[in-house]
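To start, the structure under review is shown below, and the notes come after it.
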Amino acid sequence: MTNMKKIPASDITPEHIYNDRRNFIKNLGLILSSSALSTFANTSFGALNSLPSFAQAKNHGNEKLTSLKDITSYNNYYEFGTSKSDPHDHADLLKIDPWSISIEGSVAKPLKLDVDELIKLIPIEERIYRLRCVEGWSMVIPWVGIPLHSLLKKVSPTGNAKYVEFVSLKRPSEMIGQKDDMLDWPYTEGLRLDEAMHPLTILAVGLYGKVLPKQNGAPIRLVVPWKYGFKSIKAITKIRLVEKMPVSTWMKANSKEYGFFANVNPEVDHPRWSQATERRIGESLLAPRLKTEMFNGYQKEVAHLYQGMDLSRYF
Ligand SMILES: Nc1nc2c(c(=O)[nH]1)N[C@H]1C(S)=C(S)[C@@H](COP(=O)(O)O)O[C@H]1N2
Ligand SMILES: [Mo]
């Protein structure tokens, strides 16, 4: 519980959540005092025991990787609580074996399969991406996963598939943060079909060459590197191709602050946080903040997707 005090919650947490959080902390206190907290201490792995061999990322060494320790102990995963240490401390409660993911909706060939079958169907590969959170911090993470477009091609989207909706898990008995209704569970997200088909968009099943830790979204999570971190939904159970723009969990919670596109954009501030600079997790708190790059540094690859759009309106 001490970790909650290090950073003033009002600096990092949306207001409505900050207020709800007092109740949440009260509830959490009851749970913690009645259970053996120390047993959930470590990084935990799940359904997949190990990953098959994979192609390594080409851009090894361009940017210093964030340490495994930081990647697995400073997380946002509100299903397990709102503090950065909650996912590390509580995600082990989640049972992820068996775990199937279904791809449905406007598709000619719907598919439902286990994650271990999925990685036999489509070869996994490593991708080193920056992850930029709307709260103003960032990491550099060596993910292992499959390009989402490879999976979407297998289900043959039909003509009226315009968007892709992603649905996470709702299981409050194991996801103890879901005992609080601060968000409309299950967590959902969405992409336009062309964003989902972009070669940079992946479904991650591992990091640092190993099976994905539960606090990072095991067994399978989305990673869209040019968008704010909240788009990269964890613990996916369902992918639905749809005609209308899905309303994501964060849009429902606060549509003035969280838009559908959520492209990293240093020129468009969040109402309560500047997006011009960022702090790289693991660097000294005294180190100068880095300048946030347009589309998180992936401008060359993705700017064409938004040609002619007013990005301050479609934030
Ligand atoms: N299901 C789910 N997915 C989620 C979140 C969450 O609370 N629930 N938080 C998001 C946010 S705000 C960020 S910044 C990233 C953090 O990913 P990481 O903990 O692996 O660094 O996960 C995103 N995916
Ligand atoms: Mo975030």
Filtering the range 228-239 for residues that are out of contact with any Ser or Thr (no Cβ under 8 Å at 6 or more places or on another chain) and more than 10 Å from ligand 1 (Cβ to nearest atom) leaves a count of 0
Test each condition in (1) free of Cβ contacts under 8 Å to residues at least 24 places away in the same chain; (2) crowded, with 18+ Cβ neighbours inside 10 Å for N296 and report the one that comes out false. (1)
Based on what the data block shows, is S85 at pLDDT below 95, out of contact with any His (no Cβ under 7 Å at 6 or more places or on another chain) and not basic (K, R)? no
Restricting to the range 218-241, count the residues that are touching a helix residue (DSSP H, G or I) at 6+ places or on another chain (Cβ under 9 Å) and in a loop (DSSP other than H, G, I, E, B). 10
Regarding the range 266-280, can at least one residue be identified that is touching a Leu at 6+ places or on another chain (Cβ under 9 Å) and over 27 Å from H88 (Cβ atoms)? yes
Residue list for the range 217-228, filter: within 16 Å of ligand 2 (Cβ to nearest atom), touching a Phe, Trp or Tyr at 6+ places or on another chain (Cβ under 8 Å) and at negative phi: L222, V223, P225, W226, K227
Name the one entry in N27, N76 that is out of contact with any His (no Cβ under 7 Å at 6 or more places or on another chain) and at pLDDT 95 or above. N76
Which one of these does V107 not meet: (1) at pLDDT 95 or above; (2) closer than 24 Å to S53 by Cα? (2)
Looking at P266, is it within 28 Å of V115 (Cα to Cα) and at pLDDT 95 or above? no
Mind checking which residues of the range 78-135 are among the small types (G, A, S) and closer than 30 Å to L290 by Cα? G81, S83, S85
Considering each of V223, V211 in turn, give the residue that is buried (at least 23 other Cβ atoms within 10 Å of the Cβ), aliphatic (A, V, I, L, M) and in contact (Cβ under 8 Å) with a residue 60 or more places away in the chain. V223
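Rundown of residues vs (1) in contact (Cβ under 8 Å) with a residue 60 or more places away in the chain; (2) within 16 Å of ligand 1 (Cβ to nearest atom), yes/no style:
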{"position": "P98", "(1), (2)": "no, no"}
{"position": "P110", "(1), (2)": "no, no"}
{"position": "I124", "(1), (2)": "yes, no"}
{"position": "G136", "(1), (2)": "yes, yes"}
{"position": "P147", "(1), (2)": "no, no"}
{"position": "P157", "(1), (2)": "yes, no"}
Please work out which residue is surrounded by the fewest Cβ atoms within 10 Å (Cβ to Cβ), limiting yourself to the range 248-257 and to residues that are in contact (Cβ under 8 Å) with a residue 12 or more places away in the chain and more than 10 Å from ligand 1 (Cβ to nearest atom). K256
Taking the range 75-133 as the region of interest, how many residues are among the acidic types (D, E) and touching a strand residue (DSSP E or B) at 6+ places or on another chain (Cβ under 8 Å)? 5
Exactly one of these conditions fails for M182: (1) within 16 Å of ligand 2 (Cβ to nearest atom); (2) more than 12 Å from the chain's Cα centre (by Cα); (3) in a strand (DSSP E or B). Give me its number. (3)
Counting only strands (runs of 3 or more DSSP E) wholly inside the range 71-179, the ones holding at least 1 residues that are more than 20 Å from the chain's Cα centre (by Cα) and either surrounded by 21 or more Cβ atoms within 10 Å (Cβ to Cβ) or more than 16 Å from ligand 2 (Cβ to nearest atom) (or both) are 100-105, 111-114
State the number of residues belonging to the range 271-315 that are within 15 Å of E63 (Cα to Cα) and among the β-branched types (V, I, T). 2
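The values are calculated or read from the model by the stated rules, or taken from the named source; none is laboratory data. Just so you know, these numbers come straight off a predicted model, no measurement behind them. Positions of Cβ are generated from backbone atoms using ideal geometry, with glycine treated the same way; all protein chains shown enter the neighbour counts.
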